[in-house]
1. Longer than 30 Å from Cα to Cα, which of 81/148; 81/189; 75/107; 148/189; 66/107; 189/228 are they? Say none if no pair is.
2. Run the accessible area of the stretch 156-232 with a 1.4 Å probe and give the carbon-and-sulfur part as a rounded percent.
3. Run the numbers for residue 244 and residue 299: contour at 0.36 nm per residue of separation, minus the present Cα-Cα distance, in nm.
4. Calculate the radius of gyration of the Cα atoms of the stretch 63-116 to one decimal place, then report Dmax, the largest Cα-Cα distance, as a whole number, both in Å.
5. Which three lengths, in whole Å and largest first, does the stretch 97-190 cover when its Cα atoms are put on their principal axes?
Amino acid sequence: APLGMGGRQAAAALGEPPAVPAPAELTDGNSEHLKREHSLMKPYQGERGVGRAGRTAPSGTPCFLKDWELHIHFKIHGAGKKNLHGDGLALWYTQERLVPGPVFGSKDNFHGLAIFLDTYPNDEATERVFPYISAMVNNGSLTYDHSKDGRRTELAGCPADLRNQNHDTFLAIRYSRGRLTVMTDVEDKNEWKNCIDIAGVQLPTGYFFGASAGTGDLSDNHDIISMKLFQLMVEHPLEDETVDWTKIEPSVSLLKSPKDNVDDPTGNFRSGPLTGWKVFLLLLCALLGIIVCAVVGAVVFQKRQERNKRFY
């Protein structure tokens, strides 16, 4: 099943939320930004929020908020040890309602935003620490590569010890004025911890929230306990009033492509391997540098020789 839900968690997702509350504070700690709260679980609250929740936890109504923050109360657990579990959970803000597919239970080549909570390392050569949270923005042209754990299309990410915890685990996704922020509360400290912070993100309105999960050859339990959407009151430039936010193409303005990224054990990025062109340019620059140094050295040597002749 795309999203495994069992026991009390299934009842909570399809009925009223459990008594355990999610962190009340928004990630910026400013409650003045909060205008209205929308519940993705019954009873549905607010207007223009999101609607029904099922085993794939799709939203029944598109979201027309330009600035929002989504809080997810979840639990990933199972009996598997030492990577004998998988694959993970995905949270979506997409053009279409959830369609079953190969990317953590949902379709590939999607339009919108995906946040992946990946619990299994498919790339045996990776030094990345799992579980790992990553973000991807797609306009339908990109394909998620499971064999490389999505590194080629990943915008940013961080490791997070979120599986088989005995306490509540939460994730916050915030989108405001073109900035995407993802924070975690998985250490039972009741405080948000930075994971992802990306500027230059363009997401349209009118998309759908949802969640899915995939298990593959291994298995695990992926429980969505509650999802709450907060509307943020944020001032926008006057020129934004003329923009049709439903027509915006999902995109990210980056200084470099995610394809140039190679992960290290800390979850950060370092430059990718040198290509043939890069090696050629480096050698050319080095050769020019040697020539310049040789010419300068020859001129200085000649002047010294002429100066020494004057003293004889």
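The values are calculated or read from the model by the stated rules, or taken from the named source; none is laboratory data. What you see is a predicted model; the values in this text were computed from it and never measured. With ligands, DNA and RNA removed, areas are computed over all heavy atoms of the protein, side chains included. Shrake-Rupley method; radii C 1.70, N 1.55, O 1.52, S 1.80 Å.
1. Among 81/148; 81/189; 75/107; 148/189; 66/107; 189/228, the Cα-Cα distance tops 30 Å for 148/189.
2. 36 percent
3. Extra length available between residue 244 and residue 299 comes to 13.3 nm.
4. For the stretch 63-116, the Cα radius of gyration and maximum Cα-Cα distance read 13.9, 42 Å.
5. For the stretch 97-190, the Cα extents along the three principal axes come out at 39, 38, 23 Å.
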